[in-house]
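Here the structure comes first, spelled out in structure tokens, and everything after it is commentary.
The values are calculated or read from the model by the stated rules, or taken from the named source; none is laboratory data. Bear in mind that the values here come from a model prediction, so they are computed numbers and not experimental data. Using ideal geometry, Cβ is built from the backbone for each residue, glycine included, and neighbour counts are taken over all protein chains shown. The protein model used for the area step is the full one, side chains on, heavy atoms only, and it has no ligands, DNA or RNA in it. Shrake-Rupley method; radii C 1.70, N 1.55, O 1.52, S 1.80 Å.
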Amino acid sequence: MDIKRLIRLAAVIALPLIGLALAVFSSPTPTPTPTSTPLPVADADEHQLFITNGCAACHGQNGDGSPIAPALAGHSEATVERQVRTPRLQMPSFTVDQISDEELELIADYIASLEGEGNEHHEGMELTAALEMHHWMALDAIEVGEPDEAIHHVQHIIDLLEAGDHHDRMEAVLEALQAGDVHDPEHEIEEMLAGTASPDLSLRDLHLQQAMAAIATDEVPDALHHVLHAQNEADPSAADALGEIVDLLNAGELHDAEHEIGELLSGEVHAD
Ligand code: HEC
């Protein structure tokens, strides 16, 4: 048994206490419906966290989807963590104060253990929303080093698209990913996301959002990479603010960097 496993075991033992505290302090969430096959103890606790933290309220009792949120099978731990800390579309975000890193790891573990094709992913979602979501998820999957998961989302995009330029470019992305290339696909998906899949999103803001996601999971080099890209896409009025963000990231001032990026994204920084 390795150290990580031991730590996780310790966390699992402490969980009933956390669960109790959550049950007392959290807003009411639906009571779990008993599953026919009882889960092993550790898995049951992971599932319990999925429910007490409200994920089940939207994603269904067993993560199998609902009319308001997609099914979750097929997601790796790393993409779940990104999505929960920095969702880009409808889903609310959860801070470390709301769900600790340890709890999130257990919830992500639970989701990673779910079985299913994930074809129910976008059932009930508007086509444009489903397309946008799969672009973000493919991008995140590439960035956290899960190319197979990215392939899965790219395949969904291809299935959803009518024949045309976007479709063809996605086919090329799929081929490149299958051949083990991640660099070109990443840039292609970014370009198709900003403007096409998400008409109001500029490339600058896309990179800033990816920087936010990277900061939220402590991937500082990734965050820097995106801020540098944002600098290339930005108009001169944002140059100072972006320069400051680079300095903050280099100095390890992640919280301030996040704050500054948030201001840029909300349009609160103007040329003076
Ligand atoms: C208020 C409803 C709501 C809650 C609560 C919620 N989600 Fe979501 N979630 C969504 C919606 C809607 C989406 C689709 C993408 C979007 O709009 O952000 C989504 C997307 C996701 C995705 C990406 C799915 C995909 O196939 O691309 C993951 C992973 C996820 N949620 C995990 C969680 C976890 C874990 C929790 C609990 C900590 C949670 N969600 C809580 C509504 C919710």
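Key figures
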{"read-out": "Extreme residue, modelled with the lowest pLDDT, among residues of the range 119-133 that are within 21 Å of P147 (Cα to Cα) and either near the ligand (Cβ under 10 Å from one of its atoms) or open to solvent by less than 30 Å² (accessible area, probe 1.4 Å) (or both)", "value": "E120"}
{"read-out": "Any hit, the range 174-196, residues being under 30 Å from Q98 (Cα atoms) and open to solvent by 10 Å² or more (accessible area, probe 1.4 Å)", "value": "no"}
{"read-out": "Filtered residues of the range 152-201 (kept if β-branched (V, I, T) and in a helix (DSSP H, G or I))", "value": "V154, I157, I158, V173, I189"}
{"read-out": "Checklist (1) surrounded by fewer than 22 Cβ atoms within 10 Å (Cβ to Cβ); (2) farther than 25 Å from H207 by Cβ applied to I107, failing item", "value": "(1)"}
{"read-out": "Filter result (surrounded by fewer than 16 Cβ atoms within 10 Å (Cβ to Cβ) and over 18 Å from E190 (Cβ atoms)) within the range 221-243", "value": "D235, P236, S237, A239, D240, G243"}
{"read-out": "Unique match (being in contact (Cβ under 8 Å) with a residue 40 or more places away in the chain and not basic (K, R)) among L203, L193", "value": "L193"}
{"read-out": "Qualifying residue in the range 63-71 (condition: open to solvent by less than 60 Å² (accessible area, probe 1.4 Å), closer than 30 Å to H259 by Cα, of a type in the set (G, A, S) and part of a helix (DSSP H, G or I))", "value": "no"}
{"read-out": "Residues satisfying the stated conditions in the range 220-257, i.e. closer than 20 Å to V84 by Cβ, of a type outside the set (A, V, I, L, M) and touching a residue at least 24 places away in the same chain (Cβ under 8 Å)", "value": "D222"}
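Here is a yes/no grid of residues against (1) more than 6 Å from the ligand (Cβ to nearest atom); (2) under 16 Å from the mean Cα position of the chain (by Cα):
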residue	(1), (2)
A57	no, no
H75	no, yes
P87	no, yes
S93	yes, yes
E102	yes, no
I107	no, yes
S113	yes, no
H135	yes, yes
A138	yes, yes
